[in-house]
Structures are given as structure tokens and as C-alpha cells.
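The values are calculated or read from the model by the stated rules, or taken from the named source; none is laboratory data. Predicted model, so just to flag it, every value in this text is computed and none were measured. Cβ placement follows ideal geometry from the backbone for every residue including glycine, while neighbour counts extend to all protein chains displayed. These accessible areas exclude ligands, DNA and RNA; they are computed on the full protein's heavy atoms, side chains included. Shrake-Rupley method; radii C 1.70, N 1.55, O 1.52, S 1.80 Å.
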Amino acid sequence: MYSEPGKTKFQIDLRRHLREQDICENLIHVICEIAEACKYVINAVRTGDLGVAGTSNLYGEEQLALDVLSDRILKKRLIHTGVVCNIASEEMDEIYQAQAAADGLYSVAYDPLDGSSLVDVNLAVGTIVSIYKGSDLLQPGRNQVAAMYVLYGPRVSLVYSVGKGVYEFTLNQLMEFTLTRENVTMKPAGDIYSPGGLRNKYTPENEKFIRFLEDKGCKLRYSGGFVPDINQVLMKGKGIFMYPALQGSPKGKLRLLFELNPMAYLIEQAGGAASNGVIDILDIQPESLDHRAPVYIGCRDDVEKAKDFLNNKV
Ligand code: AHG
Ligand code: MN
Ligand code: MN
Ligand code: MN
């Protein structure tokens with residue numbers, strides 16, 4: 001359900017909503033500080049330098065100035081919370097220890113600007129965040145205590161879950177995030193598919209699955225930005241996003257800690273599913289910070305069907 005902007009019957013802002021989730025103040029503080037930081041990220045995206053930074057990240061990918069700037073904005077804000085122990089970023093080579101492990105602290109993994117290469121052509125981009133209790137960031141995504149993303153589109157929307165459902169907030173004219181959707185829930189199956197990667201590198205099993213989706217009349221919706229592409233499947237409550245293993249890259253492209261775990265947490269909280277084709281994304285034991293995995297994420301039945309094709313059960 002969505003209330004029209006300006007006339008929303010919800011004036012609930014993010015902090016008040018988090019308080020109603022009965023979670024600890026430190027976690028509320030971390031989530032609200034990330035939300036504040038993202039207001040500066042959107043400003044950087046709208047006004048910042050679109051060029052390259054002249055450096056590369058732990059995946060060996062060229063970094064844009066906006067990747068580095070958005071990373072600095074988030075990292076600085078998290079350090080200043082005083083309740084964050086370890087920080088991992090798609091744009092940092094190793095884990096940064098903001099303070100020694102202690103009770104009541106959280107650790108955060110984030111992709112500061114997903115889809116950064118789309119900014120220069122003015123497509124929607126986002127920030128993706130995964131939060132754990134304690135100091136260990138290399139644990140299965142099932143152990144996250146919260147996940148969120150901020151989507152910089154025509155609206156700036158923030159979607160979060162602390163394990164009690166999925167909620168959407170929209171940045172209003174006063175630069176406050178106010179509630180616009182509650183208890184977001186996905187249907188069992190849908191009519192959208194979002195196929196990442198080069199189709200001429202698809203394996204026969206994945207190609208057969210795509211044909212199946214097309215034959216049943218599914219619509220192709222792919223922007224190349226993980227956050228808007230997932231947001232579409234989540235908010236319409238239907239469909240499947242996939243970035244499969246490709247010929248030449250058996251692990252696919254997307255990063256487990258910074259992209260797949262947080263999105264899988266949110267999608268599962270909305271009643272959907274996320275798999276690498278064999279096991280749930282949230283049950284994968286990360287081997288390293290730069291762990292990548294193939295992904296099928298969206299409606300439960302669609303993900304199951306993908307696994308059937310992958311395992312030649314159809
Ligand atoms: P990032 O900008 O953080 O490096 O991530 C880009 C990712 C993700 O946004 C999207 O799903 C995927 O790249 C698209 O990859 P292709 O360009 O290969 O389709
Ligand atoms: Mn990304
Ligand atoms: Mn990124
Ligand atoms: Mn990148």
C-alpha cells in the first residue's frame with residue numbers, strides 16, 4: 001500500500017518506526033546514521049565528479065570517484081556512531097576496525113554505491129547495507145540482524161528489515177524518511193524476469209529457464225542496477241532476478257557480503273527466496289571478503305523452478 005506523497009497518513013519517521021520494532025538503541029542508532037549518510041551520498045551522486053578515481057577495489061574493478069566518496073561518507077558516519085566495531089566495504093581491500101570488540105557493538109558490510117557506472121547515464125543507483133551483532137563479518141547471511149538499501153531513483157526510498165517484516169520509507173521535502181509501505185509481501189510466483197550477465201555466456205540450463213519464463217509470458221525488466229532491479233521485484237511482489245554462473249565465470253558477478261546477503265535477507269523477510277542454484281544465499285559460509293556467488297532471487301516458486309532447470313529436473 002502506498003500513500004500519496006505529501007498526503008501520507010503516515011508521519012512516522014524512521015527512528016520512531018524502529019523504536020516500535022523493539023530493538024536495541026545501538027542498532028537503531030546505526031540504521032539512522034546510515035540513513036543520514038545516504039542523504040549526503042545522494043547529494044554527491046547529483047553533484048559529484050563522474051570520473052574515475054584512478055584506483056581499483058578488492059575485486060580488481062576500476063573505482064569511480066563516486067565509489068570512493070560514498071564509501072568515505074558511510075565509513076566516517078559509522079565510525080562516529082561509537083557502536084560499530086568492524087566495517088567492510090565493496091570499496092575497501094580489508095576490514096576496518098573502528099573499535100575493539102565489546103558487548104553491544106555491531107559490524108556493518110556495505111556497497112556504498114551500487115550501479116555507480118550508471119550515474120553518468122542517469123539511471124537509478126543505490127546503497128546496500130548488511131548489519132551483524134558483534135565483530136564477525138564472515139558469517140552466513142542468515143545471522144544478519146538487519147539489512148537495508150537506499151534507492152536513489154525518482155523518489156529516494158529506504159527499505160529495511162530487522163527480522164520483523166519489510167518496510168519502505170520515502171525521503172520527503174523536509175529530507176525526512178517517512179513510512180510509505182509496511183509489511184511488504186511477495187506473491188508465490190510472478191511475471192517479471194531480470195536476467196543479468198551476457199546471454200551468449202549463459203549455460204544451456206539457464207538458457208532453457210529463460211525460454212520457460214518467456215514462453216509463459218514473463219516480461220523482461222533489467223536496468224543493470226541491482227538495487228532498482230531488486231526493488232521492482234520486491235515492491236511489485238512478483239518475479240525473479242538472476243545473475244547466474246556464466247561460461248568463464250562460474251561464480252557469477254555479484255558479491256555475497258555486500259549485495260547478495262542483504263538483499264536475500266530482505267526478500268526472505270517478504271516471503272520470497274534467494275539461492276545460488278543449490279543452497280539458500282543466506283546459508284553460504286563466506287570464504288573471503290570478495291566472495292561472489294550466482295544468484296536467483298525473488299518469488300519462492302520462481303526460484304524453485306530455476307533450481308529445477310539448473311538440476312535438469314525438467
Ligand atoms: P557495482 O556498481 O556496485 O559494482 O555493482 C554493479 C552490479 C549490480 O548493480 C548489477 O546487478 C550488475 O553489476 C550488472 O552487471 P552487468 O553490467 O554485467 O549486467
Ligand atoms: Mn554493487
Ligand atoms: Mn558498488
Ligand atoms: Mn563497482
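The table for this structure:
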quantity: Charge dipole of the chain about the Cα centre (unit charges at C-beta), most positive-ward option of Ile192, Ile87, Leu266; calculated: Ile192
quantity: Computed Kirkwood radius, in angstrom, where 1/r is averaged over Cα pairs of the stretch 58-126; calculated: 12.9
quantity: Over the stretch 1-104: Kirkwood hydrodynamic radius from C-alpha pairwise inverse distances, Å; calculated: 16.0
quantity: Accessible surface of Arg155 - all protein chains present, 1.4 Å probe, nearest 10 Å²; calculated: 80
quantity: Potential extension, Leu58-Asn312 segment - 0.36 nm per residue separation minus Cα distance; calculated: 87.9 nm
quantity: 24 Å Cα-Cα threshold exceeded, pairs from Lys201/Lys253; Lys76/Lys133; Lys75/Lys236; calculated: Lys75/Lys236
quantity: Share of Cα-Cα pairs in the chain lying beyond 28 Å, as whole percent; calculated: 36
quantity: Point-charge dipole on Cβ atoms (K/R +1, D/E -1) for the stretch 78-210, about Cα centre, debye to 20; calculated: 480
quantity: Gained length - Lys201 relative to Glu94, 0.36 nm times residue gap less alpha-carbon distance; calculated: 35.4 nm
quantity: Using alpha-carbon coordinates, inclination of helix 204-215 to the longest axis of the chain, degrees; calculated: 90
quantity: The chain, accessible surface, carbon-and-sulfur percent (1.4 angstrom probe); calculated: 49
quantity: Beta bridge orientation in the stretch 1-114: antiparallel %, DSSP, nearest 5; calculated: 50
quantity: Karplus (6.51, -1.76, 1.60) ³J(HN,Hα), θ = phi - 60°, over the stretch 40-55, in Hz, Gly and Pro reported as x; calculated: 7, 5, 5, 5, 5, 4, 6, 10, x, 6, 8, x, 7, 8, x, 10
quantity: Spherically averaged projected area in nm², based on the convex hull that wraps the Cα atoms of the stretch 125-244; calculated: 9.4
quantity: From phi via Karplus (6.51, -1.76, 1.60), per-residue ³J(HN,Hα) for the stretch 135-140 in Hz, x at Gly/Pro; calculated: 10, 8, 9, 9, 10, x
quantity: The stretch 183-314 - charge dipole about Cα centre, Lys and Arg +1 at Cβ, Asp and Glu -1, debye rounded to 20; calculated: 360
quantity: Size descriptor, Kirkwood hydrodynamic radius, that averages inverse alpha-carbon separations across the stretch 218-312, Å; calculated: 13.2
quantity: Net charge of neighbours whose Cβ lies under 14 Å from the Cβ of Lys164, counting Lys and Arg as +1 and Asp and Glu as -1; calculated: -3
quantity: Counted charge near Ser135, where neighbours are those whose Cβ lies closer than 15 Å (Asp, Glu -1; Lys, Arg +1); calculated: -2
quantity: Under 11 Å, Cβ to Cβ, from Ile281 - net charge with Lys/Arg +1 and Asp/Glu -1; calculated: -3
quantity: Accessible area of Arg199 in the full protein assembly, 1.4 Å probe (Å², nearest 10); calculated: 80
